[in-house]
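Read-outs: derived from the displayed coordinates by stated rules, not from any lab. No experiment lies behind these values; they were computed from the predicted model shown. Here the Cβ positions follow ideal geometry from the backbone for every residue, glycine too, while neighbour counts run over all protein chains shown.
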Amino acid sequence: MSVSPPPCTSLSFTDLSLGRPLLRGLAKSGYTTPTPIQSRMIPHLLAGRDVIGQAQTGTGKTAAFALPLLQNLAFSAKATPQILVLSPTRELAMQVSTSFSRYCSELTQLRVLPIYGGQEYASQLRGLQRGAHVIVGTPGRIIDHLQRRSLDLSSVGSVVLDEADEMLKMGFLADVERILGEIPEKRQTALFSATMPASIRRLASRYLNEPVEITIEETAASTPKIEQHYLITNGIKAKKNALETLLEAQSFDGMLVFVRTKLQTVELAEHLSSRGYSCGALNGDIVQSQRARMVAQLKDGKLDILIATDVAARGLDVQRISHVINFDAPYDCEAYIHRIGRTGRAGRKGKALLFLHPQEKKMLHALKKQTGEAPALMKLPTPSEINALKREAFKLSISVALEEEGSFFSDLIDEYCREHDVAPHLVAGALAKMCHEKTPLFIDKQQEETHRNHGSARPADSQARHRLPRNSTTRPQKPQTTPPEQGMDRYRIEIGESHGIKPGNIVGAIANEADISSQYIGRISIFNEYSTVDLPYGMPPRTLSHLQKARVGSRMLRIRKETTPLREKASAAQKSIKDKVPSPRLHKSTPGLAAKKAGKSLHL
Ligand code: AMP
């Protein structure tokens with residue numbers, strides 16, 4: 001993904017009269033040029049004026065207020081609160097507090113303290129007792145501390161109402177007013193809001209003093225750096241198929257997928273995890289520490305996809321998010337703007353995709369009206385297009401491996417070719433097959449067929465997964481060469497077409513007898529004398545022996561895991577290697593060494 005600089009102006013940070021320590025803090029943050037809101041807002045705040053900033057997150061508004069307020073802060077050894085920032089969510093409070101700490105990292109004695117709901121009181125009380133110059137908090141928790149008298153705002157000289165529209169939407173108006181009532185009237189106030197409804201105007205006219213108003217026209221929704229598309233999808237299965245097709249076809253860095261309910265975050269995350277994607281569910285039930293861990297994992301690439309609800313994802317600032325998928329359409333345009341603002345951060349490019357039910361199409365007009373731009377219709381790639389991409393990606397991965405490979409494996413292959421009198425390209429083919437045993441390289445013909453019928457690269461419903469080629473006389477009579485799907489093992493059943501078996505019989509018998517939901521039953525192929533079915537990895541032996549005795553009509557399934565004689569030999573060989581190598585667990589005192597030994601032996 002290409003990284004473009006943030007929208008910049010002709011001014012530099014040094015032109016903005018910021019002191020050296022702050023300039024060094026900015027350099028550490030990697031900021032070189034002020035964004036428009038920074039260059040327009042900083043001079044007014046430095047001059048002590050009240051301001052209203054109409055700007056989205058992603059425009060650099062945090063630095064626009066943090067830098068001038070820090071610059072004007074009269075440092076006192078006794079750390080009493082001088083700057084108060086009110087944020088609607090704990091996520092935003094943490095983020096803003098981190099930004100403050102980064103900017104003033106060269107002002108070592110300056111203390112910044114986040115205070116938000118969901119965090120235990122003890123550490124907040126300790127922080128307040130030690131004292132802080134900057135407090136960043138959510139309204140509810142700030143009120144709690146005011147009531148406990150653990151927080152005194154009488155020394156605050158500057159207050160920022162960040163994402164004021166969100167605060168009011170979340171019902172914090174009374175709390176905000178109460179907090180403002182605790183701060184001396186002679187103060188500087190800055191209000192930031194993505195939208196300017198009448199309620200925000202009223203708040204501003206009551207609490208701000210002749211504010212300078214700055215609007216950053218370029219909203220996250222209208223800026224060209226976020227490419228917006230929509231797709232008409234009918235029903236959850238079609239959406240899942242479309243999402244999976246997209247994941248196959250598009251290279252992405254980090255992805256945020258929005259759904260409406262907590263339950264869906266978990267279900268979809270489980271579904272994608274079972275397909276091999278590293279993903280997590282972010283919803284309001286997740287405790288703060290776990291949430292922070294997940295966000296950190298998304299940041300450092302340990303997680304690639306987060307499935308989130310609107311509330312849980314509010315304020316999320318992860319520059320790696322290259323794609324936002326509106327799996328469920330948002331309730332309104334504002335929510336859509338907030339959602340897609342999670343990508344295209346810090347001047348990067350981003351992509352947003354909106355899944356719409358045919359009846360939700362009117363949302364496109366509303367978006368056009370509100371942002372001046374409606375998402376464009378997206379065409380999902382066909383299986384052949386995906387396969388062409390996969391083919392190229394596979395070739396590329398060979399080139400990369402060739403560059404990185406020393407002589408160890410090539411010597412081994414030479415040895416093999418000599419010993420077995422086989423051409424190297426045949427060995428290369430066998431190795432490639434081994435690599436893709438669990439994850440087929442290409443989308444297969446059956447799925448292509450389904451795509452033609454359903455307009456998606458994957459089967460549109462679970463029945464389709466079991467559907468056979470329409471012409472029964474062309475059924476394969478030889479064992480399939482396509483390996484089982486990822487996460488699946490292939491099983492053989494001793495009942496075939498000659499016994500009159502249908503896919504539905506197999507699904508029914510397995511679902512009922514093994515209590516495996518039909519959605520987890522994979523590809524079924526029916527041959528003359530027997531059939532095969534792909535089932536999730538790791539079937540417990542008891543379930544298997546139970547299934548062996550299950551019947552379709554009068555015949556027993558006699559199901560067993562499918563293996564070829566050579567494969568059996570290979571797995572026996574591996575087992576004997578494992579038996580010879582001490583298990584890492586036996587070497588508790590030197591686990592690294594034992595693990596290394598075990599790892600090495602498997603390469604033999
Ligand atoms: P904000 O709108 O304050 O949430 O900032 C959005 C993102 O832009 C954050 O990741 C900031 O670290 C980044 N950012 C803000 N100002 C600049 C700048 N002048 N140069 C580069 N990145 C910036």
Self-check item: Alpha-carbon centroid distance for the pair region 71-86 / region 321-378, whole angstrom
Solution: 39 Å
Practice problem: Report the full-extension gain for the segment Ser17 to Ala511: residue separation times 0.36 nm, less the Cα-Cα distance, to one decimal in nm. | Solution: 170.7 nm
Self-check item: Links that overshoot a 32 Å alpha carbon limit, given the list Lys368/Lys395; Lys28/Lys225; Lys28/Lys302
Solution: Lys368/Lys395
Quiz item: Once you charge only the Cβ atoms, +1 for Lys and Arg and -1 for Asp and Glu, what is the size of the charge dipole of region 198-293 about its Cα centre, to the nearest 20 debye?
Solution: 440 debye
Quiz item: So how strong a dipole does region 220-383 carry about its Cα centre when Lys and Arg Cβ are +1 and Asp and Glu Cβ are -1, to the nearest 20 debye?
Solution: 240 debye
Practice problem: Give me the net charge of Glu392's neighbourhood, meaning all other residues with Cβ under 15 Å from the Cβ of Glu392; Lys, Arg count +1, Asp, Glu -1. | Solution: +1
Quiz item: How far apart, in nm, are two points set 7 Å out from the Cα along the Cα-to-Cβ line at Ala77 and at Tyr277?
Solution: 5.7 nm
Exercise. Can you find, among Leu191, Gly131, Leu92, the residue farthest towards the positive end of the dipole of region 71-207? Put +1 on the C-beta of Lys and Arg, -1 on that of Asp and Glu.
Key: Gly131
Quiz prompt | Test item: Cα-centred dipole of region 126-246, Lys/Arg +1 and Asp/Glu -1 on Cβ, debye | solution = 520 debye
Exercise. Please identify every one of the trypsin sites (Lys or Arg not before Pro) in region 49-138 that sits in a loop by DSSP and has no more than 10 other beta carbons within 10 Å of its own beta carbon.
Key: Lys78
Quiz item: Taking Cα pairs under 8 Å and at least six residues apart, what relative contact order does region 220-383 come out at, in percent?
Solution: 36 percent
Self-check item: When the convex hull of its Cα atoms is projected in every direction, mean area for region 74-181 (nm²)
Solution: 6.3 nm²
Quiz prompt | Total formal charge among the other residues, if their Cβ is under 10 angstrom from that of Asp304, Lys/Arg +1 and Asp/Glu -1 | solution = +1
Quiz item: Packing-wise, with mean Cβ within 10 Å as the measure, how do 258-266, 132-140, 11-19 rank, highest first?
Solution: 132-140, 258-266, 11-19
Quiz item: When only DSSP loop residues count, what trypsin sites (Lys or Arg not before Pro) in region 147-210 have their Cβ near at most 12 other Cβ atoms within 10 Å?
Solution: Arg149, Lys186
Practice problem: Give me the number: length gained by fully extending Ser407 to Arg24, i.e. 0.36 nm times residue separation minus the C-alpha to C-alpha distance, one decimal in nm. | Solution: 133.1 nm
Self-check item: Computed FRET value (nearest 0.05) for Arg202 with Thr543, which takes r as the C-beta separation and R₀ as 45 Å
Solution: 0.10
Quiz item: At Ile232 and Ala423, where each label point lies 7 Å from the Cα along Cα→Cβ, what is the point-to-point distance in nanometres?
Solution: 5.0 nm
Quiz item: Which GluC sites (Glu not before Pro) from region 113-212 combine a DSSP loop assignment with at most 13 other Cβ atoms within 10 Å?
Solution: Glu120, Glu185
